[in-house]
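*Asks:* Shown below is the structure under consideration.
The values are calculated or read from the model by the stated rules, or taken from the named source; none is laboratory data. Because the structure is predicted, anything quoted here is derived from the model rather than measured. All Cβ positions, glycine included, derive from the backbone under ideal geometry; neighbour counts span all protein chains shown.
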Amino acid sequence: MLYNGVYGQALKISEFVRDELAAQGHSAVVRPLADGAPDASSFDAIVIGASIRHGKHNPVVSEFIHAERTLLESKPSAFFSVSLVARKPHKNTPETNPYVRAFLAKSPWKPRLVGVFGGVLDYQRYGLFDRYVIRLIMKINGGPTDLHTAVEFTDWSKVREFSGRLAALVAGGAA
């Protein structure tokens, strides 16, 4: 399982999925996407998790997909995206999340399983610029604007469901 994130939620979700897979008898490795996938050819499946920052996934995600497209297409694969927009019920599916829709439309890789999870809003962890940009975005979108807000929007039951679907995919079943 490869992840790319800034504030740790993509890693936290990756570790949760890894633990859920382990509970179902599968083993998984979690590591930063920036480390690449030189040994991923031996994996039964490949999962990429990435967070949104400033309205986009990090370019390293697309660069990896283009560089490793053959590998990604040779195995069961999954993708999940983490964003504050996904805190909203009408924007927390692959079909309704604007970031995931745009990402998949541009990507040559079509993962068999896609998940969308809410992230964490913690103004005190952000640098000054991000703090006020995110606050402005939250104000526009009706989210929390108190600069002391620290709230996790991740729906862990959805992550658990994604993990189960991933386990089925790895076992050769339908996702």
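*Asks:* Report whether or not Gly115 is crowded, with 18+ Cβ neighbours inside 10 Å, small (Gly, Ala, Ser) and within 20 Å of the chain's Cα centre (by Cα).
*Replies:* When the stated conditions are applied, Gly115 passes them.
*Asks:* Hey, another quick one. Within region 15-29, is even one residue in contact (Cβ under 8 Å) with a residue 60 or more places away in the chain and in contact with a strand residue (DSSP E or B) (Cβ under 8 Å, 6 or more places away or on another chain)?
*Replies:* Yes, because at least one residue in region 15-29 is in contact (Cβ under 8 Å) with a residue 60 or more places away in the chain and in contact with a strand residue (DSSP E or B) (Cβ under 8 Å, 6 or more places away or on another chain).
*Asks:* Limited to region 20-39, what total is found for residues that are acidic (Asp, Glu) and surrounded by fewer than 18 Cβ atoms within 10 Å (Cβ to Cβ)?
*Replies:* Total meeting the criteria: 2.
*Asks:* If I ask for residues that are of a type in the set (S, T, N, Q) and at pLDDT 95 or above, which ones from region 125-151 would you list? I'd like the intermediate steps shown before the answer.
*Replies:* Applying the first criterion (of a type in the set (S, T, N, Q)) to region 125-151 yields 141, 145, 149.
Within region 125-151, Thr145, Thr149 qualify.
*Asks:* Checking Val47 against (1) of a type outside the set (Gly, Ala, Ser); (2) under 21 Å from Lys12 (Cα atoms); (3) more than 15 Å from the chain's Cα centre (by Cα), which single condition isn't satisfied?
*Replies:* (3)
*Asks:* Okay, next question. So which of Thr70, Thr93 is free of Cβ contacts under 8 Å to residues at least 40 places away in the same chain, among the β-branched types (Val, Ile, Thr) and within 15 Å of Phe162 (Cβ to Cβ)?
*Replies:* Of Thr70, Thr93, the one residue that is free of Cβ contacts under 8 Å to residues at least 40 places away in the same chain, among the β-branched types (Val, Ile, Thr) and within 15 Å of Phe162 (Cβ to Cβ) is Thr93.
*Asks:* Another question, then. Just one of Val47, Val85 is surrounded by 13 or more Cβ atoms within 10 Å (Cβ to Cβ) and without any contact (Cβ under 8 Å) to a residue 60 or more places away in the chain; which is it?
*Replies:* Val85
*Asks:* From Glu68, Glu15, Glu20, which residue is of a type in the set (Asp, Glu), under 14 Å from Val159 (Cβ atoms) and touching a helix residue (DSSP H, G or I) at 6+ places or on another chain (Cβ under 8 Å)?
*Replies:* Answer to the check: Glu20.
*Asks:* Can you tell me which residue in region 132-159 is farthest from the chain's Cα centre (by Cα), limited to those that are among the basic types (Lys, Arg) and surrounded by 15 or more Cβ atoms within 10 Å (Cβ to Cβ)?
*Replies:* In this case the residue turns out to be Arg135.
*Asks:* Which residues, taken from region 116-175, are within 18 Å of Arg53 (Cβ to Cβ), aromatic (Phe, Trp, Tyr) and part of a helix (DSSP H, G or I)?
*Replies:* Correct list: Tyr123, Phe129, Tyr132.
*Asks:* Separate question: Taking the residues in region 1-19 that are among the hydrophobic types (A, V, I, L, M, F, W, C) and within 10 Å of Phe80 (Cβ to Cβ) as candidates, determine which candidate is surrounded by the fewest Cβ atoms within 10 Å (Cβ to Cβ).
*Replies:* Here the answer is Met1.
*Asks:* Tally up the residues in region 65-111 that are acidic (Asp, Glu) and at pLDDT 95 or above, please.
*Replies:* Within region 65-111, residues that are acidic (Asp, Glu) and at pLDDT 95 or above number 1.
*Asks:* Looking only at region 71-82, filter to residues that are of a type in the set (Ser, Thr, Tyr) and within 30 Å of Glu152 (Cα to Cα); which one of those is surrounded by the fewest Cβ atoms within 10 Å (Cβ to Cβ)?
*Replies:* Among those that are of a type in the set (Ser, Thr, Tyr) and within 30 Å of Glu152 (Cα to Cα), it is Ser77.
*Asks:* Somewhere in region 109-128, is a residue closer than 23 Å to Ala167 by Cβ and among the polar types (S, T, N, Q)?
*Replies:* no
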